[in-house]
Number of protein chains: 2
Amino acid sequence: MTTLINEPVRNGVDTATLFATLDAVKAAPEAARFQFRASNEWISGTHSRSTIDNFFGVGEERSHERTFHFDADHPAVLVGRDNGPTPVEYVLHALATCLTAGLANVAAARGVRLTEVRSTVVGDIDLNGILGLDHNVRNGYEKIGVRFTIKGDAPAEVLKAIVEQSRKRSAVFDIITNQVPVAIEVEAA
Amino acid sequence: MTTLINEPVRNGVDTATLFATLDAVKAAPEAARFQFRASNEWISGTHSRSTIDNFFGVGEERSHERTFHFDADHPAVLVGRDNGPTPVEYVLHALATCLTAGLANVAAARGVRLTEVRSTVVGDIDLNGILGLDHNVRNGYEKIGVRFTIKGDAPAEVLKAIVEQSRKRSAVFDIITNQVPVAIEVEAA
């Protein structure tokens, strides 16, 4: 483990900017209000394409450095054409990337240099739910399991504590394990 | 609206296969047990990359027709390098694509021909939560709003009912609005 002073960038994390950002938000909490967005266009069958581009944060409208497009579909076994992963696979990806980004930040803040972080996320789902065949089966995942392999210049207990702190502060972990209200409006013509 | 008999494919949905799949799962409910997976590798800072490839379903290991890779990162304003959308933006994409796939299937099953489906999904999040600056603020989205524009050869009420049925049978809507248990294991070295 190293001190913060001599290494403004650790694990690819600009810790000076990270701490400056924390200080800025402490001074102006409303800067932390963000709105993220995705727009989607149906293509055919279960295939659709989303665009991710602009968002609101730190008091103003912002754009990503480029516009991102992602396709989702069902595989043939689920009566699709496999033009992209299923929506539920994107959820697993979101969870993995959220926990991983968090632990890189936490490790940097704690002066730990990471050398490798890998994870696999698996979600068990019984499609009798979404097929409407068994009303005792939920539509979504019954359970999700995450397995991390993490290596760095700190004892195993310190590395495990970094993962635990990331879990405690993960947006996607909270979204999945707790409830988020979703309102749907429809303009039909 | 049209009858089912003369149109095996409607909205790009192979309704004959859709109904055959439903019958097959009715006869063998265990076929509906799926496991989806994503594996992830940390790259640097908040940047990581997931791979989506194989899954389990209908009693056997399966693979997508190709392997999918997706990057996630934070934008500069969140101390990242914007190599991909944020994890929480992927969640919005997952919700849009799940509801859209569902409504195409429901419309096909109900004999409705869709001509256009667009949606925008917005998620409001106060980053005082994940920054650990306000313990009264949750980590994830406070709320999510979805706005659909749907056009087809049916009255507005019928089109709205199709969206509502998709919501009732959406895996991602359930995952976000209800609770999914997530277990995390860590191998540290």
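The values are calculated or read from the model by the stated rules, or taken from the named source; none is laboratory data. As the structure is a prediction and not an experimental result, all values here were calculated from the model. Glycine gets a Cβ as well: all are built from the backbone with ideal geometry, and neighbour counts include every protein chain shown. To get the accessible areas, we keep the full protein, side chains included, count just its heavy atoms, and leave off ligands, DNA and RNA. Shrake-Rupley method; radii C 1.70, N 1.55, O 1.52, S 1.80 Å.
DSSP loop (so not H, G, I, E, B), at most 16 other Cβ within 10 Å: list which trypsin sites (Lys or Arg not before Pro) in segment A:8-102 pass both filters.
Filter output for segment A:8-102: empty list.
Please enumerate, by chain and number, the aspartates and glutamates with C-alpha under 15 Å from the C-alpha of B:LYS26, excluding those fewer than 8 residues away in the same chain.
By straight Cα distance, B:LYS26 reaches A:ASP126, A:ASP134.
Quick one: which residues, 5+ away or cross-chain, put their amide H under 5 Å from the amide H of B:ASN11? H built at 1.01 Å from N.
Here B:LEU114 satisfy the definition.
If the cut-off is 21 Å between C-alpha atoms, which lysines fall inside it for A:LYS160, apart from same-chain ones fewer than 8 positions away?
Straight-line reach from A:LYS160, under 21 Å: A:LYS151, A:LYS168.
Taking the Cα centre of segment B:1-117 as origin, work out the dipole magnitude from +1 charges on Lys and Arg Cβ and -1 charges on Asp and Glu Cβ, in debye rounded to 20.
280 debye
Divide by every residue of the protein assembly as shown the summed helix terms, -39500 (n - 2.57) for each DSSP H run of at least 4, and state the resulting mean residue ellipticity at 222 nm, rounded to the nearest 500 deg cm²/dmol.
Taking each H run of at least 4 residues, the total per residue is -9500 deg cm²/dmol.
Report the residues of segment A:109-123 in range of a label on A:THR149: point 7 Å along Cα→C-beta, backbone N strictly under 18 Å from it.
In segment A:109-123, the label zone of A:THR149 (backbone N under 18 Å from the point 7 Å along Cα→Cβ) covers A:114-122.
What percent does the relative contact order of chain A come to when contacts are Cα pairs within less than 8 Å and at least six residues apart?
The value is 17 percent.
Enter the accessible area per residue of the protein assembly as shown (Å², integer; probe 1.4 Å; all protein chains in place).
41 Å²
Sort segment B:59-123 into rounded, prolate or oblate with this rule: let a ≥ b ≥ c be the square roots of the eigenvalues of the Cα gyration tensor; rounded if a/c is under 1.5, and if a/c is not under 1.5, prolate when a/b is larger than b/c, oblate otherwise.
Note, shape of segment B:59-123 comes out oblate.
Calculate, in nm to one decimal, what A:PHE19 and A:ASN178 gain on full extension: separation in residues at 0.36 nm each, minus their alpha carbon distance.
Working it through step by step, the gained length comes to 54.4 nm.
Ordered by residue, what ³J(HN,Hα) values in Hz, to whole numbers, does segment A:117-133 give under the Karplus form 6.51 cos²θ - 1.76 cosθ + 1.60, where θ = phi - 60° and Gly and Pro are x?
9, 10, 8, 10, 10, 10, x, 9, 9, 9, 6, 4, x, 5, 7, x, 8
Where q = 0.13, 0.14, 0.15 Å⁻¹, what log10 of I(q)/I(0) comes from the Debye formula for chain A, counting one point per Cα?
Log-scaled intensity ratios, in q order: -0.93, -1.05, -1.16.
Over all directions, what mean area does the Cα convex hull of segment A:114-153 project, stated in square nanometres?
Value for segment A:114-153: 3.0 nm².
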